[in-house]
Structure formats: structure tokens, C-alpha cells
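The values are calculated or read from the model by the stated rules, or taken from the named source; none is laboratory data. If you're wondering where the values come from, they're calculated on a predicted model, not measured in any experiment. No Cβ is skipped: glycine too gets one built from the backbone with ideal geometry, and neighbour counts run over all protein chains shown. Side chains are part of the model used for accessible areas, which takes the heavy atoms of the whole protein and leaves out ligands, DNA and RNA. Shrake-Rupley method; radii C 1.70, N 1.55, O 1.52, S 1.80 Å.
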Amino acid sequence: MTHALKIRKQFILNPEKIKAVKKIMNAKTDTEAIERAMDTVIADSKIKNILMAIKGKGSIKDIYGRCKD
């Protein structure tokens, strides 16, 4: 992955959620946890778009229920 320009932002976030995401993402820092979480959301969106594009074309089954209309 290439390094993109980073900007400083200030958010008011729930510390328990950050702690949970940090643990789930196995991140060392809060910033790393939030970056990984955002990457996951972006990847999930791309997967959903691809699944929606191929829905009904062939015999692929949506076993995870991600392609609900």
C-alpha cells in the first residue's frame, strides 16, 4: 500500500469502542486501529458492490447475506 498524504483531525470518540477496535484489529496505537477499521469498511463496500454487480449471473450464492436489496 502506498503512503498517502495524512491530515490531522480531531474527533470525540468513545474510548471503549477504540479499545475494542484496537483489540480486534490487533493494532498497537489508536490511529492504527482506526486506519485498519476504515480500510475494512472500504474493502467491505467494494466487495458488496462487486457482489451486487454479479448477483443473479451464474450460481453464486450469497451465504453471508451481504447483498440484500
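Beta carbons closer than 8 Å, at least 6 apart along the sequence or on distinct chains, never pair a first residue in the stretch 1-17 that is in a loop (DSSP other than H, G, I, E, B) with a second that is at pLDDT below 90 and open to solvent by 100 Å² or more (accessible area, probe 1.4 Å).
Checking each residue in the stretch 18-43 for being part of a loop (DSSP other than H, G, I, E, B), open to solvent by less than 100 Å² (accessible area, probe 1.4 Å) and within 29 Å of Arg66 (Cβ to Cβ) picks out Met25, Ala27. Of all residues in the stretch 44-59, those that are open to solvent by less than 70 Å² (accessible area, probe 1.4 Å) and of a type in the set (Ser, Thr, Tyr) total 1.
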